[in-house]
Amino acid sequence: MTPPFFRGEWLVPGVPGYDEARQVFNRRVDARPEVVASCAGVADVVAALRYAAERGMPADVRCTGVTFGGLTAGRGVVVDLSLMRGVEILPEQRIARVQGGVRGGDLQIEASVHGLAGVTGIVSTTGVGAWLAGGIGHLARRVGYACDNILAVELVTAAGEVVRASPEENPDLFWGVRGSTGNFGVVTALEVRLHEVPPVVHGGTMSWSLDRLDGPVRALREQDWTSDGMLVIGLLGSASLGGRGGLDLVVSHSGPSEAARADLERLRSFGAPDEENMGTRTFRELSVLFDEGYPPTRCAMDEQSVVAFDDELVTALVDKIREPVGGGTRSVELVPRTGAMRGAPRHASALRESAQAPTWGIGPTCFWDDPSEDAVHDRWVAEAVDTVRRVATVGGYEHPGSVGAARDVDGLRGLYGNRLERLRRLKSTWDPDNVFAGGQNIPPVDR
């Protein structure tokens, strides 16, 4: 029975819209929850959590459904925030207030009216859940991760209490909710910092074949040749260059046009790409430029951070890309954590608390359609991570939203280091019964 005064959509098996509402980005997830509560506002979230608690049902939270993991998502009552996509821009303060179901594209569209942009994701479909877990956007090298640019959080606890967390209010909760994956409650709203961007920015891809990687790898490895307005992320993939395989550099530059042109020429000086798709566009257009590369499908991913991106590691990853593995595509994301991504954040978070030496995030990923190939692709991702750990010096931090399957306490300790015990104490305070057990679940201290 739908709770009284529920304004959203209360969807149960058999009613129109239920099958569409239960689907998420990763088509491996075939969960059939007892209820999908598509909430229209905070009161709906409170009602859905109360409904689950009164019946002893588990509750899962979904912001936009755009997640690579989520294989255990969809138990009991799914609190779905996808209807809550409101955005308010305060241009003079350079702040945006967004609801919990907002996607990056929603924020960029509204901010662009004022010549501003936020740190969201490389694609426009990532939402609040990804931002809270870390979040790498086109401005990350210049101003840090998405979670570094969160100023305040509104959250509904397991007890149905609506609380605010910021550096001044509930500062411990503010620390813990940024850099974890939904462990403390349902985030129904954020305040985020916005940044000026020029009317026209540069963005696109440059691609090199697998036997011509010396130049682009050196460009990725060094990165002292470019200004902080330029973000360069590598994607070593089987689908590059029309399926021949190669290294795609995903490039965006949010600085002045003169600096952008100079940095792009320096990048080309490392070796002319085999293919190039660079151009000028608005930041709003840049935010959707790479969406087609991430269609809803079956997927698996993991991440390992390393302190050196050396030739032995590159060779080993190229060998993995060349392996024939079923259908679909295989890739390894190569993220140089430089600029503001390695600097000290303005407010410490569970993701990172201080400045760090440069590291690289290495993220093997597979996309495919055939359910019979699930195990094959899972194995490839696991073997790729094992290869990284065998040939490289691991170190730094992984993003909790990017590490694939849920980890046990020992695995979480590898993810959070000495921050884990603080997170567990925080969990005991805000969710002692572990109601919010999805994602990389942090158990309370007595569990």
Pair list, Cβ under 6 Å, 6 or more apart: region 114-128 residue in contact (Cβ under 8 Å) with a residue 12 or more places away in the chain and within 13 Å of GLU285 (Cα to Cα), other residue among the aromatic types (Phe, Trp, Tyr) and surrounded by fewer than 22 Cβ atoms within 10 Å (Cβ to Cβ):
ILE122/PHE290; VAL123/PHE290; VAL123/TYR294
Answer with yes or no whether ASP274 is in contact with a strand residue (DSSP E or B) (Cβ under 6 Å, 6 or more places away or on another chain), modelled with pLDDT of 95 or more, under 29 Å from VAL29 (Cβ atoms) and among the charged types (D, E, K, R).
no
Select from region 281-308 the residues that are in a loop (DSSP other than H, G, I, E, B) and crowded, with 19+ Cβ neighbours inside 10 Å and write down the one among them that is modelled with the lowest pLDDT.
TYR294
Meets criteria (more than 26 Å from LEU249 (Cα to Cα) and hydrophobic (A, V, I, L, M, F, W, C)) for LEU151
yes
Residue in region 190-243 that is surrounded by the most Cβ atoms within 10 Å (Cβ to Cβ), counting only those that are without any contact (Cβ under 8 Å) to a residue 40 or more places away in the chain and under 16 Å from THR359 (Cα atoms)
GLU222
Residue within region 181-193 that is more than 17 Å from LEU423 (Cα to Cα) and modelled with pLDDT under 95 present
no
When restricted to VAL163, VAL201, VAL192, the only residue touching a strand residue (DSSP E or B) at 6+ places or on another chain (Cβ under 7 Å) and closer than 20 Å to VAL87 by Cβ is VAL192
Scan region 313-329 and report the pairs whose first residue is in a helix (DSSP H, G or I) and whose second residue is among the hydroxyl-bearing types (Ser, Thr, Tyr), with Cβ atoms within less than 7 Å and a gap of 6+ or a chain change.
ALA316/THR387; LYS320/THR387; ILE321/SER238
Exclusive hit being assigned by TED's automatic domain parsing to the domain that holds SER166, at pLDDT 90 or above, over 30 Å from THR365 (Cα atoms) and surrounded by 18 or more Cβ atoms within 10 Å (Cβ to Cβ), set ALA96, ALA48
ALA96
Output the residues belonging to region 266-280 that are loosely packed, with under 15 Cβ neighbours inside 10 Å and in a strand (DSSP E or B).
GLU275, ASN277, GLY279
Considering each of ALA357, ALA384, ALA437, ALA392 in turn, give the residue that is over 17 Å from the mean Cα position of the chain (by Cα), surrounded by fewer than 16 Cβ atoms within 10 Å (Cβ to Cβ) and either touching a residue at least 40 places away in the same chain (Cβ under 8 Å) or farther than 23 Å from ILE150 by Cα (or both).
ALA357
Answer yes if at least one residue in region 87-96 is under 20 Å from the mean Cα position of the chain (by Cα) and touching a residue at least 12 places away in the same chain (Cβ under 8 Å), and no otherwise.
yes
Step by step: first the residues of region 1-45, then only those that are in contact (Cβ under 8 Å) with a residue 60 or more places away in the chain and in contact with a Cys (Cβ under 9 Å, 6 or more places away or on another chain), then the one that is nearest to MET301 (Cα to Cα). Which residue is that?
ASN26
Which of the residues spanning region 19-45 are surrounded by fewer than 21 Cβ atoms within 10 Å (Cβ to Cβ), part of a helix (DSSP H, G or I) and either among the β-branched types (Val, Ile, Thr) or in the same structural domain as VAL156 (by TED's automatic domain parsing) (or both)?
VAL42
From the option list ARG75, ARG85, single residue qualifying as basic (Lys, Arg) and at pLDDT 95 or above is ARG85
Working carefully through the options ARG346, ARG322, ARG342, find the one that is out of contact with any Asp or Glu (no Cβ under 9 Å at 6 or more places or on another chain) and under 22 Å from GLY229 (Cα atoms).
ARG342
Residue count, region 361-419 (criterion: β-branched (Val, Ile, Thr), modelled with pLDDT under 90 and farther than 30 Å from GLY343 by Cβ)
1
Here are some residues: GLY127, GLY179, GLY134, GLY144. Which one is within 20 Å of the chain's Cα centre (by Cα) and over 20 Å from ALA348 (Cβ atoms)?
GLY127
Matching residues, region 97-113, being charged (D, E, K, R) and free of Cβ contacts under 8 Å to residues at least 60 places away in the same chain:
ARG103, ASP106, GLU110
Those strands (runs of 3 or more DSSP E) completely within region 150-249 that have 1 or more residues that are out of contact with any Lys or Arg (no Cβ under 6 Å at 6 or more places or on another chain), more than 26 Å from LEU107 (Cβ to Cβ) and of a type in the set (Phe, Trp, Tyr) are 201-209
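The values are calculated or read from the model by the stated rules, or taken from the named source; none is laboratory data. Because the structure is predicted, anything quoted here is derived from the model rather than measured. Reconstructed Cβ throughout: ideal geometry from the backbone, glycine too, with neighbour counts over all protein chains shown.
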